[in-house]
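Below is one structure, written out as structure tokens; the observations come after it.
The values are calculated or read from the model by the stated rules, or taken from the named source; none is laboratory data. Computed from a prediction, not measured in an experiment: that's the story for all the values here. For neighbour counting, all protein chains shown are included, and Cβ atoms are generated from backbone atoms with ideal geometry for every residue, glycine included. Please note that ligands, DNA and RNA were not included when accessible areas were found on the heavy atoms of the full protein model with its side chains. Shrake-Rupley method; radii C 1.70, N 1.55, O 1.52, S 1.80 Å.
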Amino acid sequence: MKLDYQAGQTPINEDEKHGLKIKSLVTMKELDQFEQQNIENALLWVLGKSFTSDQVLKVDFILTIHRRMFSDVWK
């Protein structure tokens, strides 16, 4: 059976749910919204600080920003 979904109603499949902290998310649109908020918070964090080019090119910085971008949504 083929199901047709309107834009934003695509359900999160069971494989994609693995690792989600927010178990109530059921559509990709909801997931996108939570991820976007996390990314915006990480951007505000970056803009509120001063980093040298040497700092931002280090693995530790990249892992830190990635964690800030997704840690409220993903384990």
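For LYS23, indicate whether it is at pLDDT below 95, open to solvent by 100 Å² or more (accessible area, probe 1.4 Å) and among the basic types (Lys, Arg). The answer is yes for LYS23.
When residues in region 35-63 are screened for being among the aliphatic types (A, V, I, L, M) and open to solvent by 80 Å² or more (accessible area, probe 1.4 Å), 7 of them pass. For region 24-75, the candidate set comprises residues that are part of a helix (DSSP H, G or I), among the β-branched types (Val, Ile, Thr) and touching a residue at least 12 places away in the same chain (Cβ under 8 Å); within that set, the residue that is nearest to ASN13 (Cα to Cα) is ILE39. Scanning region 12-40 for residues that are more than 14 Å from SER71 (Cβ to Cβ) and touching a strand residue (DSSP E or B) at 6+ places or on another chain (Cβ under 7 Å) gives ILE12, VAL26, THR27.
No other residue among ASP32, ASP72 is out of contact with any helix residue (DSSP H, G or I) (no Cβ under 9 Å at 6 or more places or on another chain) and open to solvent by 50 Å² or more (accessible area, probe 1.4 Å) apart from ASP32.
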